[in-house]
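**Q** One structure is given below, represented as structure tokens, and several questions about it will come after.
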Amino acid sequence: MIAEETTLKGCFILSPQVFRDSRGYFFESFNRAKFEQLTGASGDFVQDNQSFSTYGTVRGLHFQQGDAAQAKLVRVMEGTVLDIAVDLRPGSETYLQWIAVELSGENNKQLYIPKGFAHGYSVLSETAVFVYKCDQFYNKDAEAGIRYNDPILNIDWKIPASAMLLSEKDVDLPFLKH
């Protein structure tokens, strides 16, 4: 596994070593010891989640507040998504900066998103299966988010506005305040 720290401190792109032959392929998608060694983060994940979405779906930007804040390790099993991480850590050198990483069933890349970040993604392929690990259990009372089209962030989701599929909940999320 190769770990590359992004421009956002503590946020890593992880690329596995893939072994291919005439039968297909094999790779280790998670190894706690290697993960901790390469990222310096705890690999103590307690919940796995999976979603299926169609082209144009935009999910996010979501995060958990306070003691329920979650670190996530995200990847795509099938299809392609544009994954977004936004630094919400007050005092961080990259506060309110974001990165976009294309994750797919072809490139097998993963993105580690530490606590203190908002997260979202858009589906660029016809369909996508998105999976992620969390280091805290989901807590509905700690749920928060930022509107996907916040003008301060100005995120390019790589989906035309007319093709975006959004949940009512995500459309109602607040904008950042100046």
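The values are calculated or read from the model by the stated rules, or taken from the named source; none is laboratory data. Since the structure is predicted, the reported quantities are computational estimates derived from the model, not experimental observations. Please note: Cβ atoms are built from the backbone with ideal geometry, for glycine as well, and neighbour counts cover all protein chains shown. To get the accessible areas, we keep the full protein, side chains included, count just its heavy atoms, and leave off ligands, DNA and RNA. Shrake-Rupley method; radii C 1.70, N 1.55, O 1.52, S 1.80 Å.
**Q** Does LEU82 satisfy being modelled with pLDDT of 95 or more and within 22 Å of ILE159 (Cβ to Cβ)?
**A** yes
Yes/no per residue for (1) open to solvent by 50 Å² or more (accessible area, probe 1.4 Å); (2) within 15 Å of the chain's Cα centre (by Cα); (3) acidic (Asp, Glu):
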site: ASP67; (1), (2), (3): yes, no, yes
site: VAL74; (1), (2), (3): no, yes, no
site: ASP87; (1), (2), (3): no, yes, yes
site: PRO90; (1), (2), (3): yes, no, no
site: PRO114; (1), (2), (3): no, yes, no
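**Q** Ok, one more. Only one of VAL86, VAL81, VAL74, VAL58 is among the β-branched types (Val, Ile, Thr) and within 19 Å of LYS177 (Cβ to Cβ). Can you tell me which?
**A** Details: VAL81 fails: within 19 Å of LYS177 (Cβ to Cβ); VAL74 fails: within 19 Å of LYS177 (Cβ to Cβ); VAL58 fails: within 19 Å of LYS177 (Cβ to Cβ).
Being among the β-branched types (Val, Ile, Thr) and within 19 Å of LYS177 (Cβ to Cβ) holds for just one of VAL86, VAL81, VAL74, VAL58, which is VAL86.
**Q** Which of the residues that make up region 131-173 are in a loop (DSSP other than H, G, I, E, B) and aromatic (Phe, Trp, Tyr)? Don't jump to the end; show me each part of the working.
**A** As a first pass, look at region 131-173 and keep what is in a loop (DSSP other than H, G, I, E, B): 135-139, 146-160, 164, 166-167, 172-173.
Listed by number, the residues that qualify are PHE137, TYR138, TYR148, TRP157.
A quick yes/no check of all residues on (1) closer than 24 Å to LEU173 by Cβ; (2) hydrophobic (A, V, I, L, M, F, W, C):
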| position | (1), (2) |
| --- | --- |
| ASP44 | no, no |
| GLU78 | no, no |
| TRP98 | yes, yes |
| VAL131 | yes, yes |
| ASP141 | yes, no |
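**Q** Considering (1) modelled with pLDDT of 95 or more; (2) open to solvent by less than 50 Å² (accessible area, probe 1.4 Å), say which one PRO16 fails and leave the rest.
**A** Tallying (1) modelled with pLDDT of 95 or more; (2) open to solvent by less than 50 Å² (accessible area, probe 1.4 Å), PRO16 fails exactly one: (1).
**Q** Out of contact with any helix residue (DSSP H, G or I) (no Cβ under 7 Å at 6 or more places or on another chain) and free of Cβ contacts under 8 Å to residues at least 40 places away in the same chain: which single residue out of SER22, SER53 fits that description?
**A** SER22 is the lone residue from the list that is out of contact with any helix residue (DSSP H, G or I) (no Cβ under 7 Å at 6 or more places or on another chain) and free of Cβ contacts under 8 Å to residues at least 40 places away in the same chain.
**Q** Give SER42, SER22, SER29 a once-over and let me know the one that is among the small types (Gly, Ala, Ser), open to solvent by 30 Å² or more (accessible area, probe 1.4 Å) and modelled with pLDDT of 95 or more.
**A** SER22
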